[in-house]
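Read the figures in this text as sums done on the coordinates, not as results from a lab. A quick note: this is a predicted structure, and the numbers were derived from the prediction, not measured.
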């Protein structure tokens with residue numbers, strides 16, 4: 001088995017600058033985190049998932065840590081990707097909200 005592809009991938013991933021979503025993560029402790037979010041020392045550097053984009057497949061992958069910040073708990077996404085202070089909700093909640101938003105107005 002050739003270990004070169006794995007080594008090459010790890011080498012390249014350390015040389016490529018991190019991808020950012022243009023949003024700044026808040027560095028606060030868990031008591032100051034929004035609903036259903038928790039403080040983590042090592043965060044994901046890939047763009048955060050929200051109700052607006054949680055069904056999209058992400059091409060971002062990294063083994064590096066981002067800055068300490070509040071992130072959504074497991075199984076949750078941001079309710080609003082533009083305003084993370086609104087907190088995190090379960091993915092199923094996004095489905096329900098999308099159905100309500102797409103219903104015709106009587």
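Below 8 Å, C-alpha to C-alpha, sequence gap of six or more: please give me the relative contact order for the range 23-102 in percent. List each step's numbers first, then the result.
On the way: 131 pairs, mean separation 27.5, N = 80.
Relative contact order for the range 23-102 comes out at 34 percent.
Using the C-alpha gyration tensor of the range 23-102, what are the square roots of 5 times its eigenvalues, in whole angstrom, with the largest one first? Before the final figure, lay out the partial values.
On the way: eigenvalues 92, 48, 18 Å².
Each semi-axis is √(5λ); the values are 21, 16, 9 Å.
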